[in-house]
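So the structure is just underneath, and the comments pick up after that.
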Amino acid sequence: MAKENQFVNQIADIETDFPRWYTDVVIRTKLVDYGPVKGTMVIRPYGYAIWENIQKELDARIKATGHQNAYFPLLIPYSYMTREAEHVEGFAPEVAVVTVGGGEKLAEPLVIRPTSETIFGEMYSKWLQSYRDLPILINQWANVMRWEKTTRPFLRTSEFLWQEGHTAHATEEEAMEETMKMLGVYKEFAENCLAIPVFTGRKTEKEKFAGAVATFGMEAMMHDGKSLQAGTSHYLGQNFAKAFDIQFLDKDGTHKYAYTTSWGVSTRLIGALIMAHGDARGLVLPPVVAPVQAIIVPIAAKKEGVLDAAADLKAKLVAAGVRAEMDATDNSPGWKFNEWEMKGVPVRIEIGPRDIEAGKMVLVRRDTHEKTEAPLADAADAVKKLLADVQHNLFEMAKKRKEERVVSAETMDELLKGVEGGNFVKAGWCGCRECEDKIKEQTAATARVIVEGEHAEKCVCCGKEAKQVVLFARAY
Ligand code: ZN
(Lines give C-alpha, C1' and ligand atoms only; values in the text may rest on other atoms or scores of the structure.)
Protein backbone atom coordinates (compact mmCIF):
# COMPACT_ATOMS: atom_id res chain seq x y z
CA MET A 1 0.00 0.00 0.00
CA ALA A 2 2.87 2.35 0.75
CA LYS A 3 3.86 2.27 -2.87
CA GLU A 4 0.33 3.03 -4.06
CA ASN A 5 -0.03 5.99 -1.76
CA GLN A 6 3.29 7.28 -2.87
CA PHE A 7 1.93 7.27 -6.40
CA VAL A 8 -1.21 9.18 -5.65
CA ASN A 9 0.94 11.73 -3.87
CA GLN A 10 2.79 12.40 -7.06
CA ILE A 11 -0.09 14.52 -8.28
CA ALA A 12 -1.37 17.51 -6.35
CA ASP A 13 -4.85 17.48 -4.85
CA ILE A 14 -7.37 18.35 -7.55
CA GLU A 15 -9.68 20.27 -5.21
CA THR A 16 -7.14 22.43 -3.41
CA ASP A 17 -4.51 23.02 -6.09
CA PHE A 18 -6.04 22.52 -9.51
CA PRO A 19 -3.30 24.37 -11.47
CA ARG A 20 -0.61 22.12 -10.01
CA TRP A 21 -2.80 19.04 -10.42
CA TYR A 22 -2.97 19.90 -14.13
CA THR A 23 0.78 20.30 -14.53
CA ASP A 24 1.49 17.17 -12.50
CA VAL A 25 -0.93 15.12 -14.58
CA VAL A 26 0.31 16.19 -18.01
CA ILE A 27 3.94 15.56 -17.07
CA ARG A 28 3.41 12.43 -14.97
CA THR A 29 1.28 10.67 -17.60
CA LYS A 30 3.81 11.56 -20.30
CA LEU A 31 1.42 13.56 -22.46
CA VAL A 32 3.96 16.34 -22.86
CA ASP A 33 7.28 17.66 -21.73
CA TYR A 34 8.67 21.17 -21.82
CA GLY A 35 10.69 22.05 -24.93
CA PRO A 36 14.12 23.66 -24.59
CA VAL A 37 12.81 26.99 -25.92
CA LYS A 38 10.62 28.68 -23.32
CA GLY A 39 6.93 28.35 -24.13
CA THR A 40 7.29 25.33 -26.38
CA MET A 41 6.09 21.82 -25.65
CA VAL A 42 7.08 18.38 -26.81
CA ILE A 43 3.96 16.34 -27.40
CA ARG A 44 4.98 12.83 -26.35
CA PRO A 45 3.56 9.66 -27.95
CA TYR A 46 0.71 9.27 -25.43
CA GLY A 47 -0.37 12.88 -25.96
CA TYR A 48 0.10 12.73 -29.70
CA ALA A 49 -2.04 9.58 -29.91
CA ILE A 50 -4.93 11.57 -28.41
CA TRP A 51 -4.35 14.27 -31.03
CA GLU A 52 -4.36 11.66 -33.79
CA ASN A 53 -7.72 10.35 -32.58
CA ILE A 54 -9.09 13.89 -32.46
CA GLN A 55 -7.79 14.47 -35.98
CA LYS A 56 -9.29 11.25 -37.29
CA GLU A 57 -12.76 12.04 -35.94
CA LEU A 58 -12.77 15.70 -36.87
CA ASP A 59 -11.15 15.24 -40.26
CA ALA A 60 -13.93 12.84 -41.25
CA ARG A 61 -16.50 15.47 -40.28
CA ILE A 62 -14.68 18.25 -42.13
CA LYS A 63 -14.57 16.13 -45.27
CA ALA A 64 -18.19 15.00 -44.88
CA THR A 65 -19.23 18.66 -45.04
CA GLY A 66 -17.49 19.10 -48.39
CA HIS A 67 -14.05 20.40 -47.48
CA GLN A 68 -10.69 19.23 -48.81
CA ASN A 69 -7.33 19.28 -47.09
CA ALA A 70 -4.32 21.17 -48.43
CA TYR A 71 -1.05 22.49 -47.06
CA PHE A 72 0.13 26.09 -47.14
CA PRO A 73 3.64 27.40 -46.29
CA LEU A 74 4.82 28.16 -42.76
CA LEU A 75 6.44 31.45 -43.86
CA ILE A 76 4.36 34.42 -44.87
CA PRO A 77 5.72 37.74 -46.22
CA TYR A 78 5.45 40.35 -43.46
CA SER A 79 3.69 42.76 -45.81
CA TYR A 80 0.70 40.38 -46.05
CA MET A 81 0.03 40.80 -42.36
CA THR A 82 -0.26 44.55 -42.72
CA ARG A 83 -2.90 44.51 -45.46
CA GLU A 84 -5.82 43.99 -43.11
CA ALA A 85 -5.58 46.73 -40.48
CA GLU A 86 -7.35 45.00 -37.57
CA HIS A 87 -5.59 41.73 -38.30
CA VAL A 88 -2.09 43.19 -38.04
CA GLU A 89 -3.01 45.16 -34.94
CA GLY A 90 -4.29 42.01 -33.24
CA PHE A 91 -1.43 39.74 -34.19
CA ALA A 92 1.62 42.05 -34.32
CA PRO A 93 2.44 41.71 -30.60
CA GLU A 94 2.74 37.94 -30.85
CA VAL A 95 4.30 37.19 -34.25
CA ALA A 96 7.73 35.65 -34.62
CA VAL A 97 9.63 37.19 -37.53
CA VAL A 98 12.42 35.65 -39.59
CA THR A 99 14.93 38.29 -40.69
CA VAL A 100 17.96 36.20 -41.63
CA GLY A 101 18.08 33.26 -44.03
CA GLY A 102 21.15 31.39 -45.24
CA GLY A 103 23.34 33.78 -43.30
CA GLU A 104 22.02 36.84 -45.12
CA LYS A 105 19.63 39.53 -44.05
CA LEU A 106 16.36 39.06 -45.94
CA ALA A 107 15.08 41.82 -48.23
CA GLU A 108 11.64 41.34 -46.68
CA PRO A 109 11.10 39.91 -43.21
CA LEU A 110 8.94 36.80 -43.02
CA VAL A 111 6.32 35.95 -40.44
CA ILE A 112 6.02 32.44 -39.02
CA ARG A 113 2.26 31.96 -39.45
CA PRO A 114 0.23 32.80 -36.35
CA THR A 115 -2.81 31.93 -38.52
CA SER A 116 -3.16 31.77 -42.29
CA GLU A 117 -5.97 34.09 -43.48
CA THR A 118 -3.46 36.27 -45.34
CA ILE A 119 -1.73 33.58 -47.35
CA PHE A 120 -5.01 31.81 -48.12
CA GLY A 121 -6.35 35.20 -49.19
CA GLU A 122 -3.42 35.76 -51.53
CA MET A 123 -3.80 32.35 -53.15
CA TYR A 124 -7.60 32.57 -53.39
CA SER A 125 -7.28 35.86 -55.20
CA LYS A 126 -5.07 34.07 -57.74
CA TRP A 127 -7.26 30.96 -58.08
CA LEU A 128 -10.67 32.57 -58.08
CA GLN A 129 -11.99 33.82 -61.38
CA SER A 130 -15.63 33.01 -61.96
CA TYR A 131 -18.68 32.30 -59.80
CA ARG A 132 -18.25 28.73 -61.04
CA ASP A 133 -15.12 28.42 -58.87
CA LEU A 134 -17.15 29.06 -55.72
CA PRO A 135 -17.40 28.02 -53.01
CA ILE A 136 -13.75 27.26 -52.21
CA LEU A 137 -13.70 24.95 -49.19
CA ILE A 138 -10.18 24.16 -47.93
CA ASN A 139 -8.86 23.01 -44.58
CA GLN A 140 -5.30 22.52 -43.44
CA TRP A 141 -3.80 20.63 -40.51
CA ALA A 142 -0.73 22.56 -39.44
CA ASN A 143 1.34 24.14 -36.72
CA VAL A 144 1.21 27.85 -35.91
CA MET A 145 3.29 30.12 -33.72
CA ARG A 146 2.18 32.88 -31.38
CA TRP A 147 4.82 34.35 -29.09
CA GLU A 148 3.08 34.01 -25.73
CA LYS A 149 4.42 35.44 -22.48
CA THR A 150 2.71 33.10 -20.04
CA THR A 151 2.47 29.54 -21.22
CA ARG A 152 1.01 26.22 -20.06
CA PRO A 153 1.14 22.88 -21.88
CA PHE A 154 -1.76 22.50 -24.37
CA LEU A 155 -3.56 25.60 -23.06
CA ARG A 156 -1.19 28.30 -24.25
CA THR A 157 2.11 27.55 -25.95
CA SER A 158 4.16 29.46 -28.50
CA GLU A 159 3.75 26.72 -31.06
CA PHE A 160 0.69 24.54 -31.27
CA LEU A 161 -1.08 22.22 -33.70
CA TRP A 162 -4.48 22.90 -35.16
CA GLN A 163 -6.72 22.75 -38.17
CA GLU A 164 -7.76 25.92 -39.92
CA GLY A 165 -10.55 25.98 -42.45
CA HIS A 166 -10.64 28.83 -44.97
CA THR A 167 -13.57 29.22 -47.30
CA ALA A 168 -14.75 31.69 -49.93
CA HIS A 169 -18.35 32.18 -51.04
CA ALA A 170 -20.39 34.17 -53.53
CA THR A 171 -22.80 35.65 -51.01
CA GLU A 172 -23.00 36.85 -47.44
CA GLU A 173 -25.75 34.31 -46.73
CA GLU A 174 -23.64 31.37 -47.89
CA ALA A 175 -20.61 32.50 -45.92
CA MET A 176 -22.70 33.00 -42.80
CA GLU A 177 -24.27 29.58 -43.28
CA GLU A 178 -20.80 28.05 -43.52
CA THR A 179 -19.67 29.86 -40.34
CA MET A 180 -22.61 28.46 -38.38
CA LYS A 181 -22.36 25.02 -39.99
CA MET A 182 -18.77 24.59 -38.80
CA LEU A 183 -19.63 25.83 -35.32
CA GLY A 184 -22.26 23.09 -35.32
CA VAL A 185 -19.72 20.50 -36.49
CA TYR A 186 -17.41 21.50 -33.63
CA LYS A 187 -20.23 21.28 -31.10
CA GLU A 188 -21.32 17.83 -32.25
CA PHE A 189 -17.69 16.66 -32.23
CA ALA A 190 -17.05 18.08 -28.74
CA GLU A 191 -20.17 16.44 -27.33
CA ASN A 192 -20.00 13.06 -29.05
CA CYS A 193 -16.24 12.47 -29.20
CA LEU A 194 -14.80 14.47 -26.31
CA ALA A 195 -17.89 14.05 -24.11
CA ILE A 196 -17.76 17.77 -23.39
CA PRO A 197 -21.00 19.76 -23.54
CA VAL A 198 -20.39 23.31 -24.76
CA PHE A 199 -21.97 26.73 -24.83
CA THR A 200 -21.92 28.23 -28.30
CA GLY A 201 -22.64 31.77 -29.37
CA ARG A 202 -21.39 35.02 -30.78
CA LYS A 203 -18.42 36.75 -29.20
CA THR A 204 -18.44 40.41 -28.21
CA GLU A 205 -16.46 42.92 -30.32
CA LYS A 206 -13.70 42.86 -27.73
CA GLU A 207 -13.35 39.08 -27.85
CA LYS A 208 -13.71 38.55 -31.59
CA PHE A 209 -10.95 37.49 -33.98
CA ALA A 210 -8.76 40.29 -35.33
CA GLY A 211 -10.12 41.02 -38.80
CA ALA A 212 -13.47 39.21 -38.47
CA VAL A 213 -16.92 40.76 -38.83
CA ALA A 214 -18.22 38.25 -36.27
CA THR A 215 -16.70 35.45 -34.26
CA PHE A 216 -18.67 32.52 -32.85
CA GLY A 217 -17.13 30.38 -30.18
CA MET A 218 -17.70 27.27 -28.17
CA GLU A 219 -16.91 27.39 -24.50
CA ALA A 220 -16.44 24.42 -22.21
CA MET A 221 -16.68 24.35 -18.42
CA MET A 222 -13.64 22.96 -16.67
CA HIS A 223 -13.44 21.16 -13.30
CA ASP A 224 -12.76 24.43 -11.47
CA GLY A 225 -15.66 26.26 -13.08
CA LYS A 226 -13.46 28.26 -15.42
CA SER A 227 -14.17 28.40 -19.12
CA LEU A 228 -12.00 27.20 -21.94
CA GLN A 229 -12.54 28.48 -25.46
CA ALA A 230 -12.48 25.21 -27.32
CA GLY A 231 -13.08 26.35 -30.89
CA THR A 232 -14.01 29.35 -32.99
CA SER A 233 -15.69 30.03 -36.31
CA HIS A 234 -15.30 33.43 -37.95
CA TYR A 235 -17.44 35.23 -40.47
CA LEU A 236 -14.92 37.50 -42.19
CA GLY A 237 -17.35 39.32 -44.49
CA GLN A 238 -15.39 41.00 -47.28
CA ASN A 239 -12.58 42.26 -45.03
CA PHE A 240 -9.95 39.85 -46.31
CA ALA A 241 -11.46 39.72 -49.79
CA LYS A 242 -10.90 43.46 -50.11
CA ALA A 243 -7.43 43.36 -48.53
CA PHE A 244 -6.32 40.55 -50.87
CA ASP A 245 -8.46 41.32 -53.89
CA ILE A 246 -10.43 38.06 -53.82
CA GLN A 247 -12.80 38.83 -56.68
CA PHE A 248 -14.88 36.82 -59.11
CA LEU A 249 -16.88 37.44 -62.24
CA ASP A 250 -20.50 36.87 -61.27
CA LYS A 251 -23.38 35.58 -63.41
CA ASP A 252 -24.47 39.13 -64.10
CA GLY A 253 -21.13 39.93 -65.74
CA THR A 254 -19.81 42.17 -62.94
CA HIS A 255 -16.81 41.63 -60.70
CA LYS A 256 -17.60 41.10 -57.02
CA TYR A 257 -15.65 40.52 -53.86
CA ALA A 258 -16.11 37.12 -52.28
CA TYR A 259 -17.22 36.56 -48.66
CA THR A 260 -14.86 34.47 -46.58
CA THR A 261 -14.81 32.46 -43.36
CA SER A 262 -12.23 30.75 -41.21
CA TRP A 263 -12.57 28.30 -38.33
CA GLY A 264 -10.26 26.30 -36.14
CA VAL A 265 -9.66 24.03 -33.18
CA SER A 266 -6.28 23.20 -31.73
CA THR A 267 -4.31 20.99 -29.35
CA ARG A 268 -6.03 23.09 -26.66
CA LEU A 269 -8.76 20.47 -26.92
CA ILE A 270 -6.44 18.05 -25.13
CA GLY A 271 -6.23 20.55 -22.27
CA ALA A 272 -10.03 20.70 -22.30
CA LEU A 273 -10.29 16.90 -22.05
CA ILE A 274 -7.91 16.80 -19.11
CA MET A 275 -9.61 19.59 -17.17
CA ALA A 276 -13.20 18.59 -17.96
CA HIS A 277 -12.98 14.91 -16.98
CA GLY A 278 -9.91 14.46 -14.77
CA ASP A 279 -10.27 13.43 -11.11
CA ALA A 280 -8.18 12.92 -7.98
CA ARG A 281 -6.46 9.91 -9.49
CA GLY A 282 -5.46 11.62 -12.74
CA LEU A 283 -6.70 11.57 -16.32
CA VAL A 284 -10.10 10.24 -17.31
CA LEU A 285 -10.23 9.86 -21.09
CA PRO A 286 -13.39 9.42 -23.13
CA PRO A 287 -13.15 6.11 -25.02
CA VAL A 288 -13.62 7.68 -28.47
CA VAL A 289 -10.27 9.52 -28.22
CA ALA A 290 -8.42 7.43 -25.62
CA PRO A 291 -5.17 5.99 -27.09
CA VAL A 292 -5.72 2.84 -25.02
CA GLN A 293 -9.37 1.95 -24.47
CA ALA A 294 -8.85 -1.21 -22.46
CA ILE A 295 -5.79 -2.26 -20.49
CA ILE A 296 -5.42 -5.93 -19.63
CA VAL A 297 -3.63 -6.61 -16.34
CA PRO A 298 -2.71 -10.28 -15.83
CA ILE A 299 -3.02 -11.37 -12.18
CA ALA A 300 -0.52 -13.94 -10.89
CA ALA A 301 1.10 -13.61 -14.29
CA LYS A 302 3.79 -16.18 -13.56
CA LYS A 303 1.22 -18.96 -13.20
CA GLU A 304 0.99 -21.15 -16.24
CA GLY A 305 -1.45 -20.06 -18.89
CA VAL A 306 -2.20 -16.59 -17.53
CA LEU A 307 -0.09 -14.57 -19.98
CA ASP A 308 -1.29 -16.70 -22.87
CA ALA A 309 -4.91 -16.18 -21.92
CA ALA A 310 -4.31 -12.43 -21.54
CA ALA A 311 -2.63 -12.30 -24.95
CA ASP A 312 -5.52 -14.21 -26.52
CA LEU A 313 -7.96 -11.80 -24.96
CA LYS A 314 -5.99 -8.83 -26.29
CA ALA A 315 -5.95 -10.31 -29.81
CA LYS A 316 -9.70 -10.90 -29.66
CA LEU A 317 -10.39 -7.32 -28.56
CA VAL A 318 -8.05 -5.78 -31.14
CA ALA A 319 -9.69 -7.88 -33.87
CA ALA A 320 -13.04 -6.46 -32.75
CA GLY A 321 -11.72 -2.89 -33.15
CA VAL A 322 -10.98 -2.15 -29.49
CA ARG A 323 -7.71 -0.31 -28.77
CA ALA A 324 -6.57 -2.88 -26.19
CA GLU A 325 -3.15 -3.27 -24.59
CA MET A 326 -1.71 -5.76 -22.14
CA ASP A 327 0.64 -4.75 -19.34
CA ALA A 328 3.01 -7.72 -19.12
CA THR A 329 5.73 -5.85 -17.19
CA ASP A 330 6.92 -7.31 -13.88
CA ASN A 331 5.43 -4.47 -11.86
CA SER A 332 2.88 -5.51 -9.22
CA PRO A 333 -0.82 -5.50 -10.19
CA GLY A 334 -1.40 -2.69 -7.65
CA TRP A 335 1.27 -0.57 -9.31
CA LYS A 336 -0.29 -1.22 -12.70
CA PHE A 337 -3.80 -0.33 -11.49
CA ASN A 338 -2.56 3.06 -10.31
CA GLU A 339 -0.49 3.71 -13.37
CA TRP A 340 -3.25 3.02 -15.89
CA GLU A 341 -5.83 4.81 -13.80
CA MET A 342 -3.61 7.87 -13.78
CA LYS A 343 -3.29 7.56 -17.54
CA GLY A 344 -7.08 7.66 -17.79
CA VAL A 345 -7.67 4.36 -19.59
CA PRO A 346 -11.48 3.91 -19.66
CA VAL A 347 -11.60 0.17 -18.88
CA ARG A 348 -9.24 -2.11 -16.97
CA ILE A 349 -9.50 -5.86 -17.41
CA GLU A 350 -8.12 -8.16 -14.74
CA ILE A 351 -7.55 -11.77 -15.61
CA GLY A 352 -6.01 -14.39 -13.28
CA PRO A 353 -5.90 -18.18 -12.89
CA ARG A 354 -9.26 -18.38 -11.14
CA ASP A 355 -10.92 -16.19 -13.78
CA ILE A 356 -9.51 -18.32 -16.56
CA GLU A 357 -10.77 -21.44 -14.87
CA ALA A 358 -14.22 -19.92 -14.53
CA GLY A 359 -14.09 -18.58 -18.11
CA LYS A 360 -14.52 -14.95 -17.04
CA MET A 361 -12.74 -11.64 -16.63
CA VAL A 362 -13.08 -8.71 -14.23
CA LEU A 363 -13.89 -5.29 -15.71
CA VAL A 364 -13.24 -2.04 -13.85
CA ARG A 365 -14.43 1.22 -15.38
CA ARG A 366 -12.32 4.35 -14.85
CA ASP A 367 -15.16 6.84 -14.46
CA THR A 368 -17.06 5.21 -11.57
CA HIS A 369 -14.51 2.54 -10.46
CA GLU A 370 -17.37 0.05 -10.64
CA LYS A 371 -16.28 -3.59 -10.89
CA THR A 372 -18.17 -6.18 -12.94
CA GLU A 373 -17.53 -9.59 -14.41
CA ALA A 374 -18.14 -10.84 -17.92
CA PRO A 375 -17.64 -14.18 -19.66
CA LEU A 376 -14.45 -14.42 -21.70
CA ALA A 377 -16.45 -15.90 -24.55
CA ASP A 378 -18.35 -12.64 -24.77
CA ALA A 379 -15.31 -10.38 -24.20
CA ALA A 380 -15.48 -8.07 -27.21
CA ASP A 381 -19.17 -7.27 -26.86
CA ALA A 382 -18.91 -6.76 -23.10
CA VAL A 383 -15.95 -4.39 -23.42
CA LYS A 384 -17.52 -2.44 -26.27
CA LYS A 385 -20.73 -2.02 -24.33
CA LEU A 386 -18.83 -0.84 -21.28
CA LEU A 387 -16.82 1.66 -23.38
CA ALA A 388 -20.05 3.07 -24.76
CA ASP A 389 -21.42 3.38 -21.21
CA VAL A 390 -18.30 5.20 -20.02
CA GLN A 391 -18.45 7.60 -22.99
CA HIS A 392 -22.11 8.32 -22.27
CA ASN A 393 -21.62 8.72 -18.53
CA LEU A 394 -18.70 11.15 -18.93
CA PHE A 395 -20.88 13.35 -21.09
CA GLU A 396 -23.78 13.17 -18.65
CA MET A 397 -21.57 14.06 -15.69
CA ALA A 398 -20.07 17.02 -17.54
CA LYS A 399 -23.54 18.10 -18.64
CA LYS A 400 -24.84 17.96 -15.09
CA ARG A 401 -22.02 20.20 -13.91
CA LYS A 402 -22.58 22.57 -16.82
CA GLU A 403 -26.26 22.87 -15.94
CA GLU A 404 -25.79 23.19 -12.18
CA ARG A 405 -23.08 25.79 -12.37
CA VAL A 406 -24.78 28.50 -14.36
CA VAL A 407 -26.21 31.30 -12.24
CA SER A 408 -27.72 34.69 -12.99
CA ALA A 409 -26.57 38.05 -11.63
CA GLU A 410 -28.21 41.44 -11.45
CA THR A 411 -25.46 43.22 -9.55
CA MET A 412 -21.67 43.29 -9.70
CA ASP A 413 -21.60 41.69 -6.25
CA GLU A 414 -23.65 38.76 -7.48
CA LEU A 415 -21.48 38.47 -10.57
CA LEU A 416 -18.32 38.40 -8.46
CA LYS A 417 -19.78 35.88 -6.03
CA GLY A 418 -20.91 33.72 -8.92
CA VAL A 419 -17.53 33.46 -10.61
CA GLU A 420 -15.72 33.11 -7.31
CA GLY A 421 -17.96 30.13 -6.58
CA GLY A 422 -16.79 28.47 -9.80
CA ASN A 423 -19.84 29.31 -11.88
CA PHE A 424 -20.62 30.73 -15.28
CA VAL A 425 -22.76 33.80 -14.78
CA LYS A 426 -25.51 35.10 -17.04
CA ALA A 427 -26.00 38.85 -16.80
CA GLY A 428 -27.52 41.73 -18.73
CA TRP A 429 -25.10 43.97 -20.62
CA CYS A 430 -25.59 47.38 -22.18
CA GLY A 431 -23.22 46.56 -25.03
CA CYS A 432 -20.54 49.10 -24.20
CA ARG A 433 -16.85 48.29 -24.00
CA GLU A 434 -16.36 50.31 -20.81
CA CYS A 435 -18.66 48.02 -18.85
CA GLU A 436 -17.04 44.92 -20.33
CA ASP A 437 -13.60 46.22 -19.27
CA LYS A 438 -14.84 47.15 -15.83
CA ILE A 439 -16.36 43.69 -15.29
CA LYS A 440 -13.04 42.10 -16.14
CA GLU A 441 -11.18 44.50 -13.83
CA GLN A 442 -13.47 43.86 -10.88
CA THR A 443 -14.27 40.16 -11.25
CA ALA A 444 -11.57 38.74 -13.58
CA ALA A 445 -14.44 37.38 -15.67
CA THR A 446 -14.73 37.95 -19.40
CA ALA A 447 -17.64 37.79 -21.81
CA ARG A 448 -17.58 34.24 -23.16
CA VAL A 449 -20.56 34.29 -25.50
CA ILE A 450 -23.70 36.33 -26.08
CA VAL A 451 -26.74 34.27 -25.05
CA GLU A 452 -29.41 34.08 -27.74
CA GLY A 453 -33.10 34.31 -26.93
CA GLU A 454 -32.80 35.63 -23.39
CA HIS A 455 -33.51 39.10 -22.10
CA ALA A 456 -32.48 41.16 -19.08
CA GLU A 457 -33.72 44.52 -17.86
CA LYS A 458 -30.48 46.19 -16.86
CA CYS A 459 -26.74 46.10 -17.49
CA VAL A 460 -25.12 44.34 -14.53
CA CYS A 461 -22.41 47.00 -14.49
CA CYS A 462 -23.90 50.45 -15.22
CA GLY A 463 -27.60 49.76 -14.62
CA LYS A 464 -28.60 51.21 -17.99
CA GLU A 465 -30.88 49.30 -20.32
CA ALA A 466 -29.49 45.87 -21.22
CA LYS A 467 -29.14 45.10 -24.90
CA GLN A 468 -27.97 41.54 -24.50
CA VAL A 469 -27.56 38.71 -22.03
CA VAL A 470 -23.95 37.61 -21.81
CA LEU A 471 -22.37 34.52 -20.30
CA PHE A 472 -19.48 35.66 -18.13
CA ALA A 473 -16.76 33.42 -16.71
CA ARG A 474 -13.14 33.37 -15.73
CA ALA A 475 -11.34 31.75 -18.61
CA TYR A 476 -8.18 29.90 -19.56
ZN1 ZN B 1 -23.28 48.89 -18.95
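The values are calculated or read from the model by the stated rules, or taken from the named source; none is laboratory data. Small disclaimer: the values here were computed from a predicted structure and weren't measured. Note that we place each Cβ from the backbone using ideal geometry, even for glycine, and neighbour counts take in every protein chain shown. The accessibility values were calculated without ligands, DNA or RNA, using every heavy atom of the protein model including side chains. Shrake-Rupley method; radii C 1.70, N 1.55, O 1.52, S 1.80 Å.
Measuring how big region 91-175 is from its alpha-carbon positions, Rg and Dmax come out at 16.4, 49 Å. Normalised per residue, the accessible area of the chain is 45 Å², obtained with a 1.4 Å probe and no contribution from ligands, DNA or RNA. Subtracting the Cα-Cα distance of Lys399 and Asp13 from their residue separation scaled by 0.36 nm leaves 136.6 nm.
For Val42, the amide hydrogen comes within under 5 Å of the amide hydrogens of Asp33, Tyr34, Gly35, counting only partners 5 or more places away or on other chains and with H modelled in the peptide plane.
What the Cα atoms of region 3-277 give is an Rg and a Dmax of 20.0, 77 Å. Computed from the C-beta positions of Asp245 and Lys38 and an R0 of 45 Å, the FRET efficiency is 0.70 to the nearest 0.05. In this rough spin-label picture, where each label sits 7 Å from Cα along the Cβ direction, the Asn69-Leu307 distance is 3.8 nm.
Find out how many positive minus negative residues lie around Phe244, taking Lys and Arg as positive, Asp and Glu as negative, among other residues whose Cβ is under 9 Å from that of Phe244. List each step's numbers first, then the result.
Working: positive: Arg83, Lys242; negative: Glu84, Glu117, Glu122, Asp245.
Net of charged neighbours comes to -2.
Excluding the sites themselves, what is the longest stretch of the chain that contains no trypsin sites (Lys or Arg not before Pro) in a DSSP loop with at most 14 other C-beta atoms within 10 Å? Spell out each step's value before the answer.
Working: sites that count: Lys30, Lys38, Lys149, Lys206, Lys251, Lys302, Lys303, Lys464.
The reported range is 304-463.
With Cα atoms as the point set, the radius of gyration and Dmax of the chain evaluate to 25.0, 82 Å.
If the chain linking Lys438 and Ser408 were pulled fully straight, counting 0.36 nm for each residue of separation and taking away their Cα-Cα distance, it would gain 9.0 nm. Can you check what the Kirkwood hydrodynamic radius comes to for region 187-324, Cα pairs only, in Å to one decimal? 19.1 Å is the Kirkwood radius here. Computed from the Cα positions only, the extents of region 133-234 along the three principal axes stand at 44, 29, 28 Å, in decreasing order. Measuring between their Cα centroids, region 276-328 and region 31-70 lie 23 Å from each other.
Filter the GluC sites (Glu not before Pro) in region 424-476 to those in DSSP coil with at most 11 other Cβ atoms within 10 Å of their Cβ, and list the result. Mind showing how you got there, number by number?
Working: sites: Glu434, Glu436, Glu441, Glu452, Glu454, Glu457, Glu465; in loops: Glu452, Glu454, Glu457.
Sparse-neighbourhood loop GluC sites (Glu not before Pro): Glu452, Glu457.
Counting only protein heavy atoms and a probe of 1.4 Å, the accessible surface of region 406-473 is 43% carbon and sulfur. Could you tell me the center-to-center distance, by alpha carbons, between region 230-255 and region 401-449 in angstrom? Region 230-255 and region 401-449 have Cα centres separated by 35 Å.
Here the accessible area of region 108-150 is 55 percent carbon and sulfur, with a 1.4 angstrom probe and all protein chains present.
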